[in-house]
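The values are calculated or read from the model by the stated rules, or taken from the named source; none is laboratory data. Note that the coordinates shown come from a computational prediction; the quantities given were computed from them, not determined experimentally. Glycine also receives a Cβ, built like all others from the backbone with ideal geometry; neighbour counts cover every protein chain displayed. Ligands, DNA and RNA are stripped out before the accessible areas are found, and what is left, the full protein with its side chains, is counted by its heavy atoms. Shrake-Rupley method; radii C 1.70, N 1.55, O 1.52, S 1.80 Å.
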Amino acid sequence: MVNVNYFEIFGLEEKFSLELNTLTERYQTIQKSVHPDRFAHASNQEKLLAAKKSTLINDAYQTLKNPLSRAEYMLELRHVSLPNEQASFSDNAFLMRQMELREMLAEVKFADNVESAVFEASQVLEVEFEQHFKAMQVALIDNTEASNKQASELLRKLKFYQKLHVELDRLEDLLFDD
Amino acid sequence: MALLQIAEPGQSTVPHDHKLAIGIDLGTTNSLVATVKSGLAETISDDKQRDILPSVVSYQENEILVGDEAKSFSISDPENTIVSAKRLIGRSLADIQTKYPSLPYQFCGDDSHPSIQTRSGTINPVQVSAQLLQHLGQRAEQALGGELTGAVITVPAYFDDAQRQSTKDAAKLAGLNVLRLLNEPTAAAVAYGLDSKQEGIIAVYDLGGGTFDISILRLNKGVFEVLATGGDSALGGDDFDQVLVDFIIERAGLSRPLSTSVERQLLEQATQTKEALSSSEIHKITVPLANGDEWQGEISKAEFEQLIQPLVSKTMRACRRALKDAEVSAADVKEVVMVGGSTRVPLVRTEAESFFKQTPLTSIDPDKVVAIGAAIQADILAGNKPDSDVLLLDVIPLSLGLETMGGLVEKVIARNTTIPVAKAQEFTTFKDGQTAMAIHVLQGERELVDDCRSLARFELHDIPPMAAGAAHIRVTFKVDADGLLAVTAMEKSTGVEASIEVKPSFGLADNEITEMLQASVANAQEDMQARMLKEQQVEAARVIESVSAALSADSHLLSTDEVADIEKVLAELAKVSQEQSADAVEAVIEKVNVKTAAFAERRMDASINKALSGHTVDDL
């Protein structure tokens, strides 16, 4: 099971849209038979093997569960290389928008009503994330050389949105927690 | 003459006996041991019918006292009487002294290996915990009348790697076979969940003497999945007592510093007040003054609640964050389990009730629920319930990462990742011709190295000299099902492998454990050689049992030759394990392992397929 296909592990078709409940149920079914707890009283060899399998199953599940890592994995399977994080971005409009959004987050804490400002910011991020996400989904389904390249560009943009979302979360913690 | 018995082919010759397994709740203030007897989990009492063991160890002239016997010395002899060792375990000296500046102990040793100077010599916090574990293990062996197969020991979900490793070291020192370290909140969910087969999101609110944990679990068809954990490893009911002490001091017009014995008396008064105010509205206090007079006063429930409100609110904020981490809302939570003696405080219950908008579960004694859950899990892990459908999936509580240029932390495994897990990340050299690399392993959520917990440092040498950025150093983090970390590093671009396994700096080194085992009184008579032989014989028995069972179940996966081959080497192992050489037994075990490696792998893959196909049939 060295280079196994994660979709095959769970007996799923290699498609971007998958039924999360089915994935989770199958994941749990498999873990029940390979988790190290099943082998707590077994020989050391079986313990090691169980730990190895269980680790692989966890990795496969986490990769497929999250839509962005699932997309990344599918592109990997299709031998589409992802532009690395430091590579320069040619889409200037997108970069401008990112700067605007960053400014929006920086302004949140000075708003008259901080709570509603956080809410509005999260709405803005969500709408734009969804737009890109839907486009990536279509590109992945098309599965041509050009569409895969496009999907990989969109995935890279989605990761920017994900980072903004994490920052908003952190901001929220800072503002409302201590 | 009785007839000789012959077992069915392929069946174990050992009668299928019930294995003795225990669950231990190793608490900050109190510890308990429980077991499953005739299908029922219950705590085990000592000969005086006490099941709660105060987590106190006192080092006296000629003896080491544990529990209630030690507790009385915590007032008269605080320097030699260690209470709440759980707060010290796996921590650096600097960390301990910042968090608990007024401890009465004489600390010694270096920052990474703090010890306490006592009348019986220097004592490490791991040894204190080992005393408690050993005491409970012996209590269980006496009560159950046999040798223990193993124990499940609970730890706060928020414990970092060093604290978990140290707890496991303590168990090793106590001579216990650890089946699993289990998160306390998960244990509590097991205690409740098994009886009532529920599905949905469960919150476990655990406020003990010294720690607070909140865990969000998902329960589905016998699978407990920890979605998120949070909390504060230095917040608990003891802090309620402490704010009460400060309040009494202020009211009575006393001023610090006060003598150790007056502080202890005030603390006792505070504890009584806290407990009394759980059921009454007002409590009277009498405090002896230095001039021989007494000060009398009273504290109302409202005053007490006002004092502890900030502490309780802090726990609710942690609940909010944990829900967010788990990506669920308070409305999704189906049950709230209350754990820990401090959840008896009415304000804690009402605040939890209004936060989660439901009445929390309190039907199992909140002091015993963790030990009971641990015992249920121990019973399963020992193999007493082969048909059990329960599976616990835990997560790591804090992110793990490495130091990179500029004192920044690069996260390798994010917190709340399901374990076991392995993640690798590649790094490269900074200078031309660089042949070594310092690897610094950290745990925590912050971005700066200084704000995270340093777990270990090691160096990777013999990197072939190359241009800066040309080397590919692959660092792999592996976390096992107990939440324990192993890190390996390897230079891979030239095929030169150099790797190292690390243990956290604050745990004990393996040779230290061996030394302590040799030195400890309990093991003085037991020759190390004999101990090693015994360990190998136990492993040999496990190997024979599991391979025989595998052959009888799945021999169709092998050719007749392969079966014969395995049977031959098994017979050799059975013979060798009767003899007196640990090394010889180990060598034959290794031989069996090599012969059966492919078979074991095939079996596990087959079981996955079987599990999945059974599943598909269910779906139809």
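Give me a count of the residues in region B:326-359 that are in contact (Cβ under 8 Å) with a residue 40 or more places away in the chain, within 25 Å of B:Thr273 (Cα to Cα) and part of a helix (DSSP H, G or I). Outline the logic, then answer.
Residues of region B:326-359 in contact (Cβ under 8 Å) with a residue 40 or more places away in the chain: B:326-328, B:332-348, B:352, B:356.
Now narrow it down to the ones that are within 25 Å of B:Thr273 (Cα to Cα): B:338-348, B:352.
Keeping just the survivors that are part of a helix (DSSP H, G or I) gives B:341-344, B:346-348, B:352.
Residues flagged as in contact (Cβ under 8 Å) with a residue 40 or more places away in the chain, within 25 Å of B:Thr273 (Cα to Cα) and part of a helix (DSSP H, G or I) within region B:326-359 amount to 8.
Do we have B:Ser342 as buried (at least 21 other Cβ atoms within 10 Å of the Cβ) and more than 13 Å from chain A (Cβ to nearest Cβ) here?
Here the answer is yes, as B:Ser342 does meet what is asked.
So, in region B:386-409, of the ones that are outside any loop (DSSP other than H, G, I, E, B) and under 13 Å from B:Val421 (Cβ atoms), which residue ends up farthest from the other protein chains (Cβ to nearest Cβ)?
Narrowing region B:386-409 to residues outside any loop (DSSP other than H, G, I, E, B): B:391-393, B:395, B:400-404, B:408-409.
Those left that are additionally under 13 Å from B:Val421 (Cβ atoms): B:393, B:395, B:400.
Numbers: B:Leu393: 7, B:Val395: 10, B:Leu400: 15 Å.
So the residue we want is B:Leu400.
Being of a type in the set (S, T, N, Q) and part of a loop (DSSP other than H, G, I, E, B) is the filter; apply it to region B:360-378 and report the residue that is nearest to B:Thr28 (Cα to Cα).
B:Thr362
What is the residue count in region A:1-28 for residues that are within 12 Å of chain B (Cβ to nearest Cβ) and either open to solvent by 30 Å² or more (accessible area, probe 1.4 Å) or touching a Pro at 6+ places or on another chain (Cβ under 8 Å) (or both)?
Residues in region A:1-28 being within 12 Å of chain B (Cβ to nearest Cβ) and either open to solvent by 30 Å² or more (accessible area, probe 1.4 Å) or touching a Pro at 6+ places or on another chain (Cβ under 8 Å) (or both): 11 in total.
Might you check whether a residue that is under 29 Å from B:Ala318 (Cβ atoms) and either open to solvent by 60 Å² or more (accessible area, probe 1.4 Å) or more than 17 Å from the chain's Cα centre (by Cα) (or both) occurs anywhere in region A:143-151?
no
What about A:Arg102, is it over 30 Å from B:Ala318 (Cα atoms) and surrounded by fewer than 18 Cβ atoms within 10 Å (Cβ to Cβ)?
No: the conditions fail for A:Arg102.
Would you mind stating whether B:Asp241 is closer than 18 Å to B:Gly208 by Cα and either within 36 Å of the chain's Cα centre (by Cα) or not in a strand (DSSP E or B) (or both)?
Values: closer than 18 Å to B:Gly208 by Cα: yes; either within 36 Å of the chain's Cα centre (by Cα) or not in a strand (DSSP E or B) (or both): yes.
Yes.
Are any residues in region A:152-171 within 14 Å of another protein chain (Cβ to nearest Cβ) and either open to solvent by 40 Å² or more (accessible area, probe 1.4 Å) or not in a helix (DSSP H, G or I) (or both), and if so, which ones? Spell out the reasoning first.
Step one: list which residues in region A:152-171 are within 14 Å of another protein chain (Cβ to nearest Cβ), which gives A:162-163, A:165-171.
Of everything in region A:152-171, those that are within 14 Å of another protein chain (Cβ to nearest Cβ) and either open to solvent by 40 Å² or more (accessible area, probe 1.4 Å) or not in a helix (DSSP H, G or I) (or both) turn out to be A:Gln162, A:Lys163, A:His165, A:Val166, A:Glu167, A:Asp169, A:Arg170.
Return the residue satisfying two criteria in turn: it lies in region B:86-107 and is closer than 24 Å to B:Ile153 by Cβ and assigned to a helix (DSSP H, G or I), and of such residues it is least open to solvent (accessible area, probe 1.4 Å).
Here the answer is B:Ile96.
If you take the residues of region B:423-456 that are closer than 15 Å to B:Met490 by Cα and within 14 Å of chain A (Cβ to nearest Cβ), which of them is surrounded by the fewest Cβ atoms within 10 Å (Cβ to Cβ)?
Filtering first and then ranking leaves B:Glu426.
If you take the residues in region A:29-52 that are at the interface with chain B (Cβ under 7 Å from one of its Cβ atoms) and more than 18 Å from B:Glu225 (Cα to Cα), which one is nearest to the chain's Cα centre (by Cα)?
At the first step, the residues of region A:29-52 found to be at the interface with chain B (Cβ under 7 Å from one of its Cβ atoms) are A:29-37, A:40-46, A:49, A:51.
Now narrow it down to the ones that are more than 18 Å from B:Glu225 (Cα to Cα): A:40-46, A:49.
Working: A:Ala40: 33, A:His41: 36, A:Ala42: 36, A:Ser43: 37, A:Asn44: 35, A:Gln45: 34, A:Glu46: 32, A:Leu49: 28 Å.
Per the stated criteria, the residue is A:Leu49.
When residues of region B:319-343 are filtered for being of a type in the set (A, V, I, L, M, F, W, C) and either modelled with pLDDT under 90 or farther than 14 Å from B:Tyr192 by Cα (or both), how many remain? Let's see the steps before the verdict.
Applying the first criterion (of a type in the set (A, V, I, L, M, F, W, C)) to region B:319-343 yields B:319, B:322-323, B:326, B:328, B:330-331, B:333, B:336-339.
From the residues that got through so far, the ones that are either modelled with pLDDT under 90 or farther than 14 Å from B:Tyr192 by Cα (or both) too are B:319, B:322-323, B:326, B:328, B:330-331, B:333.
Final tally of qualifying residues: 8.
Looking at (1) surrounded by fewer than 21 Cβ atoms within 10 Å (Cβ to Cβ); (2) in a loop (DSSP other than H, G, I, E, B); (3) not basic (Lys, Arg), which one does B:Gly383 not meet, given that it meets all the others?
(1)
Among the residues of region B:108-119, is any in contact with a helix residue (DSSP H, G or I) (Cβ under 7 Å, 6 or more places away or on another chain), open to solvent by less than 40 Å² (accessible area, probe 1.4 Å) and either closer than 16 Å to B:Val66 by Cβ or in contact (Cβ under 8 Å) with a residue 40 or more places away in the chain (or both)?
Scanning region B:108-119 turns up at least one residue that is in contact with a helix residue (DSSP H, G or I) (Cβ under 7 Å, 6 or more places away or on another chain), open to solvent by less than 40 Å² (accessible area, probe 1.4 Å) and either closer than 16 Å to B:Val66 by Cβ or in contact (Cβ under 8 Å) with a residue 40 or more places away in the chain (or both).
Given (1) in contact (Cβ under 8 Å) with a residue 60 or more places away in the chain; (2) out of contact with any Cys (no Cβ under 9 Å at 6 or more places or on another chain); (3) surrounded by 24 or more Cβ atoms within 10 Å (Cβ to Cβ), identify the lone condition not met by B:Ala228.
Going through the list (1) in contact (Cβ under 8 Å) with a residue 60 or more places away in the chain; (2) out of contact with any Cys (no Cβ under 9 Å at 6 or more places or on another chain); (3) surrounded by 24 or more Cβ atoms within 10 Å (Cβ to Cβ), B:Ala228 breaks only (3).
Quick one: which of B:Glu601, B:Glu567, B:Glu586, B:Glu572 is over 18 Å from A:Leu49 (Cα atoms), in a helix (DSSP H, G or I) and within 14 Å of another protein chain (Cβ to nearest Cβ)? It would help to see each step written out before you state the result.
Details: B:Glu601 fails: over 18 Å from A:Leu49 (Cα atoms); B:Glu567 fails: within 14 Å of another protein chain (Cβ to nearest Cβ); B:Glu572 fails: within 14 Å of another protein chain (Cβ to nearest Cβ).
Result: B:Glu586 is the single residue among B:Glu601, B:Glu567, B:Glu586, B:Glu572 that is over 18 Å from A:Leu49 (Cα atoms), in a helix (DSSP H, G or I) and within 14 Å of another protein chain (Cβ to nearest Cβ).
Just to be sure I understand the filter: pairs with C-beta atoms under 7 Å, separated by 6 or more residues or on different chains, first member in region A:148-160 and more than 13 Å from A:Met74 (Cβ to Cβ) and touching a residue at least 40 places away in the same chain (Cβ under 8 Å), second member of a type in the set (Val, Ile, Thr) and surrounded by fewer than 21 Cβ atoms within 10 Å (Cβ to Cβ). Which pairs pass?
Within 7 Å, the pairs are A:Lys149/A:Val80.
Which of the residues belonging to region B:547-561 are surrounded by fewer than 16 Cβ atoms within 10 Å (Cβ to Cβ) and in a helix (DSSP H, G or I)? Lay out the reasoning, then the answer.
Residues of region B:547-561 surrounded by fewer than 16 Cβ atoms within 10 Å (Cβ to Cβ): B:549, B:552-554, B:556, B:559-561.
Residues satisfying the conditions are B:Ala549, B:Ser552, B:Ala553, B:Asp554, B:His556, B:Thr560, B:Asp561.
Which members of region A:123-152 meet the condition of being of a type in the set (Ser, Thr, Tyr) and touching a helix residue (DSSP H, G or I) at 6+ places or on another chain (Cβ under 6 Å)?
A:Ser147, A:Ser152, listed by residue number.
Within region B:297-316, does at least one residue satisfy the condition of being in a loop (DSSP other than H, G, I, E, B), under 30 Å from B:Thr417 (Cα atoms), within 14 Å of chain A (Cβ to nearest Cβ) and open to solvent by less than 30 Å² (accessible area, probe 1.4 Å)?
Applying the first criterion (in a loop (DSSP other than H, G, I, E, B)) to region B:297-316 yields none.
The answer is no; no qualifying residue exists.
Given the conditions (1) within 33 Å of the chain's Cα centre (by Cα); (2) surrounded by fewer than 13 Cβ atoms within 10 Å (Cβ to Cβ); (3) assigned to a helix (DSSP H, G or I), and given that B:Cys319 satisfies all but one, which numbered condition is not satisfied?
Of (1) within 33 Å of the chain's Cα centre (by Cα); (2) surrounded by fewer than 13 Cβ atoms within 10 Å (Cβ to Cβ); (3) assigned to a helix (DSSP H, G or I), only one is false for B:Cys319: (2).
A:Thr63 fails exactly one of the following numbered conditions: (1) more than 10 Å from chain B (Cβ to nearest Cβ); (2) farther than 26 Å from B:Asp482 by Cβ; (3) surrounded by 13 or more Cβ atoms within 10 Å (Cβ to Cβ). What is the number of that condition?
Of everything listed in (1) more than 10 Å from chain B (Cβ to nearest Cβ); (2) farther than 26 Å from B:Asp482 by Cβ; (3) surrounded by 13 or more Cβ atoms within 10 Å (Cβ to Cβ), A:Thr63 misses just condition (2).
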